[in-house]
Amino acid sequence: MIRVGVVGVGHLGQHHARLLAAIDGVELVGVCDTDRARAAEIASKHGGRAFFDAHDLLSRIDAVTIAVPTVAHVDLALPFVDAGIATLVEKPIASSVAQADRLVAAAARSGAVLATGHTERFNPAVAAALPLIKEPRFIEIHRLGTFPERSLDIDVIFDLMIHDLDLLLTVVRSPVTSIEAVGVNVLTPKADIANARLRFESGCIANVTASRISRDRVRKARFFQRDSYVSIDYAAQELEGFRLIHAGERPVIQGGKLPVTNEEPLRRELEDFVRAVREKRAPGVTGRDGREALALATRVAERMET
């Protein structure tokens, strides 16, 4: 059995507890939250004890997930990582690149598995699309959501756009050479809507828009490459692919909707984390992956005109 704890059981952490409690070979030892009533409520639903100080979990678990506000990620995760306990930290992995480097370095010293919660990488539509995306030339991504009344300690780049920046780093595999960005503060002191245009050394250009003040929810990505086009609907978990086939006298476009088996991305992410702990291997999204996504998000934020 892999003994697991969850630190932070708010909007997202409660689902960590729910899903971990249902994974074979996992014992949910306990959940921890500074809100005692909340910790007790989630523990009563999903099992394990309610803890109110994360340090009380240290000697009891093999793995932990951290789902607290970003500013507290490193302070809460470091004791577990230093102790060699496998740790999954929700995105963004830290509040600064320097803080992320502390976590990555600590994991290298202790040998602890360190994962970052970039859940979209475990979206079944994304997983099915990745083998089809070879050398994209232009990428268009829209991630629009309604006002969440949570994660307001960070702006929309670190809250939402960072998912797509992580995906860009995964599929383009080329250094970013230039960034143009604009953001608007609408309902909070931080940017609530932002657009970034990124140019990669390979020549690929990506146009990425993120909003947390839209009326409708839209989460789509389109990848244009020589002779082919790939479209992902993250929310519907749908995938389309088209290719230009050179056959006969005239080229023909072939393709359409591709098969995707719908699954909960967070469940897939947590199952991968547990397998990484059991098999002593790197998780699907490592701490360094989280660090690189945070570094690119930071560059976008620094270039953002408000």
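The values are calculated or read from the model by the stated rules, or taken from the named source; none is laboratory data. Model, not experiment: these values are computed from the prediction. Positions of Cβ are generated from backbone atoms using ideal geometry, with glycine treated the same way; all protein chains shown enter the neighbour counts.
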Please go through (1) without any contact (Cβ under 8 Å) to a residue 40 or more places away in the chain; (2) in contact with a helix residue (DSSP H, G or I) (Cβ under 9 Å, 6 or more places away or on another chain) for Thr286 and return the number of the only condition it doesn't satisfy.
(1)
With the requirement that a residue be buried (at least 24 other Cβ atoms within 10 Å of the Cβ) and within 19 Å of the chain's Cα centre (by Cα), what does segment 74-89 give you?
Ala77, Ala86, Thr87, Leu88, Val89
Scan segment 186-197 and tell me whether some residue there is in contact with a strand residue (DSSP E or B) (Cβ under 7 Å, 6 or more places away or on another chain), in a loop (DSSP other than H, G, I, E, B), of a type outside the set (S, T, N, Q) and surrounded by fewer than 15 Cβ atoms within 10 Å (Cβ to Cβ).
yes
Count - residues of segment 141-162 that are modelled with pLDDT under 75 and either outside any loop (DSSP other than H, G, I, E, B) or among the hydroxyl-bearing types (Ser, Thr, Tyr) (or both)
1
What about Val29, is it assigned to a strand (DSSP E or B) and in the same structural domain as Ala276 (by TED's automatic domain parsing)?
yes
Scanning segment 62-90 for residues that are modelled with pLDDT under 95, in contact with a Ser or Thr (Cβ under 6 Å, 6 or more places away or on another chain) and either over 20 Å from His11 (Cβ atoms) or not in a helix (DSSP H, G or I) (or both) gives none
Report the residue count in segment 42-77 for those that are of a type in the set (Asp, Glu) and in contact (Cβ under 8 Å) with a residue 24 or more places away in the chain.
2
Scanning segment 281-291 for residues that are within 17 Å of Val74 (Cα to Cα) and crowded, with 20+ Cβ neighbours inside 10 Å, the one nearest to the chain's Cα centre (by Cα) turns out to be Gly290
Could you list all residues from segment 187-205 that are touching a Phe, Trp or Tyr at 6+ places or on another chain (Cβ under 9 Å), at pLDDT below 95 and aliphatic (A, V, I, L, M)?
Leu187
Of those in segment 164-185 that are β-branched (Val, Ile, Thr) and outside any strand (DSSP E or B), the residue farthest from Thr116 (Cα to Cα) is Val172
Step by step: first the residues of segment 101-140, then only those that are over 20 Å from the mean Cα position of the chain (by Cα) and of a type in the set (Lys, Arg), then the one that is modelled with the lowest pLDDT. Which residue is that?
Lys134
Verdict on Ser59 being hydroxyl-bearing (Ser, Thr, Tyr), out of contact with any Pro (no Cβ under 7 Å at 6 or more places or on another chain) and either part of a helix (DSSP H, G or I) or in the same structural domain as His163 (by TED's automatic domain parsing) (or both):
yes
Would you point out which residue out of Arg275, Arg215, Arg250, Arg219 is surrounded by fewer than 16 Cβ atoms within 10 Å (Cβ to Cβ), among the charged types (D, E, K, R) and within 30 Å of Glu302 (Cα to Cα)?
Arg215
Restricting attention to segment 233-280, the residues that are in a loop (DSSP other than H, G, I, E, B), within 30 Å of Val64 (Cβ to Cβ) and more than 19 Å from the chain's Cα centre (by Cα) number exactly 2
